[in-house]
Each structure stands twice: as C-alpha cells, then as structure tokens.
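Quick note: the coordinates plus some simple rules give every number you see, no bench work behind them. Source: prediction; values computed, not measured. A quick note on method: Cβ atoms are made from the backbone with ideal geometry, for glycine too, and the neighbour counts reach across all protein chains shown.
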Amino acid sequence: MAKFELKLPKMGESVAEATITSWLKEVGDTIELDEAVLEIATDKVDSEVPSEFDGVLVEKFFNVDDVVQVGEVLAIIETDGDVETVNETAITEVEEIDLEAAEQIEQTISIAKDTVAPIVSNETRFYSPLVKNIAKAEGISQQDLDAIVGTGKDNRVTKTDILSYLDNKVANPVANNTQANTPVAAKTEAVKPIEATKPVISRGEDEIIEMSRMGKLVAHHMQESIQTSAHVQSFIETDVTNVWNWRKKVKDGFMKREGENLTFTPIFMEAIAKALRDYPMMNISLQGDTIIKKKNINLGMAAALPDGNLIVPVIKNADQLNLVGMTKQVNDLANRARLNKLKPDDIQGGTYTVTNVGTFGSIMGTPIINQPQVGILALGAIRKVPAVIETPEGDFIGIRYKMFLSHSYDHRVVNGALGGMFVKAVSDYLEAWDINREI
C-alpha cells in the first residue's frame, strides 16, 4: 500500500488560493482515476479537483469554507499502486531550494518594511494572502483588521468578512470619519467588532434571497470599478445592413462546412480587434501612475452563466484569428460558460472587453469597465429602421439594419477624442463589410 498527496493544483496566473465549497468524497470512499474528490471556488471560477490515482480516501485536512493555498495538501489517498510515500520525494528538493527561497523571502520582507507597515498574522489570528492584499489595497490598518469578526475556521477573516467590512464603511461614512478623528487610545476602547452580515429588514410576505458567492464577487468588482475609473461614454449608430445580408447568405454553407453556427458576435469581434490594432492606446491598463501598453490583443467576451450571473472568458490574440477561427473560439467559450466548464486560464489575461446587451433587447447601454482594463464596448440590438440613403442620384428613404455601439472608457487615461475615434473605427469596419467576402 502507498499513499498519495492530493494537493490544490495551480489554477492559472494570479490565482494563489481557493475556497473549498464541497467534498464529493468522504473518508473511506473509493476513488477512481480522474474522479472529482472535491469542489473549489476562486475569485475567478469554480472548479473540481480530481484524483490522479485509484484508491481510498483516508484523510482530509480541510473543511468546507476553508481557504487553501495553491500547493497545500488537501487529502491523503491510499493506493494499491507504486506511488511514492507522502513527502518522501519532496524532501530533497525542498532542502536544495530552502537557502535560495529564504534569501528571496528575506529580501522581499526587507523591501516591504521600507515601503508600508505590513499586515501580519499572530498567535490568535491568521490572515490569508488574499485578505492581506485587500487590506493593503483598501488602506485597512492592522488594528482595524484585528477588530473584524472572522467567520472562517478558527475565527479566520475570510474574503467575505473583509468585503462586508468595506461595505459597512461605505454605508456609514459619518461613523467612520468620527472614528478616524478619535485619539488612538480612545479608539481602541470604542472599536466594536464588525458583524459579518447585516440584518435584513423585510415586510409581510417579502422573500429574502441570499446573494450567491459569484453574485457577491461581481457586485464587489462592479463597485470597485466605479470607484476606480472615471467612466465616460461615447455612442455611435452603425449601419450593419451589409453584415446582415452577408451572414444570411453564407451561414447555412458555413454550418455545413465547419459544423459551427456563424453568429454576429465573431464578426463584431473581428472589427473590434482591427480597431484595437489601429488604436493601441485603448489596449492598455493603468496601475497607479503607470500605463502598461499590452502587446497582445485579448478580447474578453461577457457570457451568461446558468445562474444568471455573467463571466468574461477571453479570446487570446484575437487579431491573429481569421473569421473561422474567431467563430470557433466564440462558440467554444460561450458553450463552456453555459455548462460551467470554463477553466481559470479561460478567463484571464483580457485586455479589452465586449458585452452584447442586444441579447436582452437593449438598444444601447453604459457598461462598467472590467478592471484593470480601460475600455468596454456594448453591442446593442440590431433593428430594422427607416433611414436616409445617400446615392449619386440623390437621397431617398430605405429600410436599413442598424445598431448602437456604446463605448465606456476610463477618462483618466483615455480622452474623448481617442474614445470616440476608436468606436468610430469599429463602426467603419462594420459598415464597409464586403458583401461578396468569401470564408
């Protein structure tokens, strides 16, 4: 008999930890190769952790709602095969890198001490890297963080706890200002623990619905974006008659040849990728006072999840795809989003986002920027409308297919000229669509 460590796997760049949402197996249960043992959730996506061997679950190290770091051992699986005994294969490697790692950690700590007073764990309180990062970003002091009531294991402060604390600060600015002006000695006595949840006031037959975990995350991201970026919008009406007629002409043949449904989305994505190539300063992010100009054009595509929430899978290097490749990428990501099958890497690395509000019947919208990007484009519903058509023989009224493009951008770094020219470029590419184009 041998034992195998089931560890929390790496789930893409920037993902350092996950929350256990449910155990699918209990101690004593038999597990097959690639069978899911537990479900986890990050601030990016939900996922399952499968076993790499057949065996029996003999020990679990964490409970539901515990926060686990990438690489930590989740459980022990006993196998009949020739798997290395727990920890034996890692000892030599750890010893070899300990010295180098220790030097790197010491250097990092030294730099941190010179720049900011860090949040630290103590004998009675552990703070995860995620909680520490949020506290640092939001300017929460060690004293204030220590006063928050933790709902996690051993009173650990979870991400939900610290976000509830921040919501409370926003909702009660007067109380917080008063506290800020209170002498330190008096403040220590006056501080009361922040409750993890606020009481809900309802009347009669009102239904109380708890927000889902994803809903809470989306709400926080939206609020954070509004507080971060100076949102401003530009709108343009686009004649997509050529696009409409061309798609109608080729979609059946495309389905027979490629086995894919040709929707309007990949057509729009192609035009947006071209416009980003023309205006690279829309393909940037802002960190403090530093502008990062992105080399790759990675288009985020807002898609609906089964529970009604939205997620933004990313089409990597969108400007390098032809229309067939773009269609396959769009369809694959949209289908896996509906089935909750997206992987963490599928929703990372976006440089610009597109959302189709026309799907819900809206003719235009004012979308909120997906941080740390600086722009997002909303596609309105395509409508058949009467329009003035200019010809060499004169003007006349005709039926045209039109839609509104709504461009939200960060006015801190994108001025009205750039924001307007970019969305005009997208419109121009769509209006100039070749009705005889072959794919």
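Applying D = kT/(6 pi eta Rh) to region 326-398, where Rh is the Kirkwood radius over alpha-carbon pairs, T corresponds to 37 °C and eta to 0.692 mPa s, the Stokes-Einstein value obtained is 212 µm²/s. Phi-derived couplings, Karplus 6.51 cos²θ - 1.76 cosθ + 1.60 at θ = phi - 60°, listed residue by residue for region 348-357: 10, x, x, 10, 7, 10, 10, 10, 9, 6 Hz, with x used for Gly and Pro.
Taking amide H atoms as placed 1.01 Å from N in the peptide plane, the amide H of L38 lies under 5 Å from those of L24, V49, each 5 or more residues away in sequence or on another chain. 3J(HN,Hα) along region 426-439, derived from phi through the Karplus expression 6.51 cos²θ - 1.76 cosθ + 1.60 where θ = phi - 60°, amounts to 4, 4, 4, 4, 6, 5, 8, 4, 7, 5, 9, 4, 10, 10 Hz, with x in place of Gly and Pro.
Look at I292, I31 and count the other Cβ atoms within 10 Å of each Cβ; fewest to most, that gives I292, I31. For L74, the residues whose modelled amide H falls within less than 5 Å of its own, excluding neighbours fewer than 5 places apart on the same chain, are L6, K7, L8. Counting Lys and Arg as +1 and Asp and Glu as -1 over every other residue whose Cβ lies under 15 Å from the Cβ of V250, the net charge comes to +1.
Quick check for me: using +1 on Lys/Arg Cβ and -1 on Asp/Glu Cβ, what's the dipole size of region 300-439 about its Cα centre, in debye to the nearest 20?
It comes to approximately 480 debye.
The mean sequence distance of close C-alpha pairs (under 8 Å, at least 6 residues apart), as a share of the length of region 309-421, puts its relative contact order at 20 percent.
Report the net charge of residues surrounding I119, where surrounding means a beta-carbon distance below 9 angstrom and charges are Lys +1, Arg +1, Asp -1, Glu -1.
Result for the neighbourhood of I119: +2.
Taking 22 Å as the limit for the C-alpha separation, the pairs K295/K402; K249/K341; K60/K132; K249/K402; K293/K343 exceed it in the case of K295/K402; K249/K341; K60/K132; K293/K343. Legend: P(r) of region 230-431 from all alpha carbon pair distances, 5 Å bins from 0, whole percents, reading 1, 7, 15, 19, 20, 16, 11, 6, 3, 1, 0, 0.
Which net charge results for the neighbourhood of L379, defined as the other residues with beta-carbon distances under 14 angstrom from its beta-carbon, given Lys and Arg at +1 and Asp and Glu at -1? Computed value for this residue: 0.
In percent, rounded to a whole number, the relative contact order of region 2-79 is 43, using alpha-carbon pairs under 8 Å and six or more apart.
Ordered by the count of other Cβ atoms within 10 Å of each Cβ, fewest first, F254, F360 give F360, F254. For region 367-374, 3J(HN,Hα) computed residue by residue from phi via the Karplus equation (6.51, -1.76, 1.60; θ = phi - 60°) reads x, 8, 4, 8, 4, x, 5, 10 Hz, glycine and proline entered as x.
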